[in-house]
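The values are calculated or read from the model by the stated rules, or taken from the named source; none is laboratory data. These numbers were taken from a predicted model, which means no experiment stands behind them. All Cβ positions, even for glycine, are placed from backbone atoms using ideal geometry, and neighbour counts span all protein chains on display.
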Amino acid sequence: MRKRTETPREPLSAGKMLYNLSRVKPALLKMQPNGKDYAPLIGVIQTLDPEAKGPTGKAIQQQLGIGAAVYRRWLEMLYQDFMALIAVDADVLEFTEVEHVFYVGRDATRMEVRCRLAVTPRVGETVELHFLSAFLEEGSFQVTRVDHEYVQGKTLIHVSLEEGSHDVYFKHLLARARFENKWPRDAWEMHHYQQRELLLKLYPKG
């Protein structure tokens with residue numbers, strides 16, 4: 001049986017605890033009926049936007065009509081109970097809603113595409129997004145990075161794409177040009193087919 005999560009000896013940052021808790025609002029709602037003194041604080045946290053600059057601890061104290069000592073005690077108790085609960089109960093944190101975010105294009109054509117996929121593409125695989133070809137002048141993209149983020153009951157899967165399909169030979173030439181300092185910095189802003197043409201000029205014999 002796992003031990004209860006213990007509070008570190010060094011005091012935790014109130015700002016960081018508040019930020020952490022603001023990213024798991026659905027979990028806090030499950031804790032609200034437990035009758036603890038910090039229940040009003042959970043209500044305030046439900047109104048916070050973790051991505052925006054939130055109210056200060058002093059502002060929250062004024063909103064709740066409590067002093068600094070009480071605020072600190074409530075926040076620590078809530079955070080400790082949350083940490084202890086997620087160590088023993090898998091149903092507290094649920095991230096069942098899955099959303100994919102593609103990041104594709106460069107500079108002026110940089111864009112995000114949000115969608116829901118049955119299968120998440122892996123690094124090195126090629127994805128075909130031909131509905132973007134008019135805007136990006138390219139429909140094939142290679143997956144360069146995949147990150148998973150868990151927040152507010154949702155799983156966000158961030159998929160970074162690079163224009164052009166996976167080409168081992170092309171990658172080999174690119175790595176060689178970079179190693180030999182022959183790859184100009186502005187070449188990164190070129191489209192995939194322009195980069196390919198440049199590499200073939202640099203290495204006509206392969």
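In table form, for the structure just shown:
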item: Counted residues, the stretch 16-58 - those being loosely packed, with under 12 Cβ neighbours inside 10 Å and either at pLDDT 90 or above or not hydrophobic (A, V, I, L, M, F, W, C) (or both); result: 9
item: Failed condition for residue 196, given (1) under 30 Å from residue 25 (Cα atoms); (2) in a helix (DSSP H, G or I); (3) among the charged types (D, E, K, R); result: (1)
item: Residue that is farthest from residue 85 (Cα to Cα), among those in the stretch 13-70 that are β-branched (Val, Ile, Thr) and over 29 Å from the mean Cα position of the chain (by Cα); result: 66
item: Residue, farthest from residue 194 (Cα to Cα), within the stretch 104-131, restricted to residues that are touching a strand residue (DSSP E or B) at 6+ places or on another chain (Cβ under 7 Å) and of a type in the set (A, V, I, L, M); result: 117
item: Filter result (assigned to a helix (DSSP H, G or I) and either basic (Lys, Arg) or in contact (Cβ under 8 Å) with a residue 60 or more places away in the chain (or both)) within the stretch 171-190; result: 171, 176, 178, 185, 188, 189
item: Residue that is surrounded by the most Cβ atoms within 10 Å (Cβ to Cβ), among those in the stretch 94-146 that are touching a Ser or Thr at 6+ places or on another chain (Cβ under 8 Å), charged (D, E, K, R) and within 30 Å of residue 31 (Cβ to Cβ); result: 99
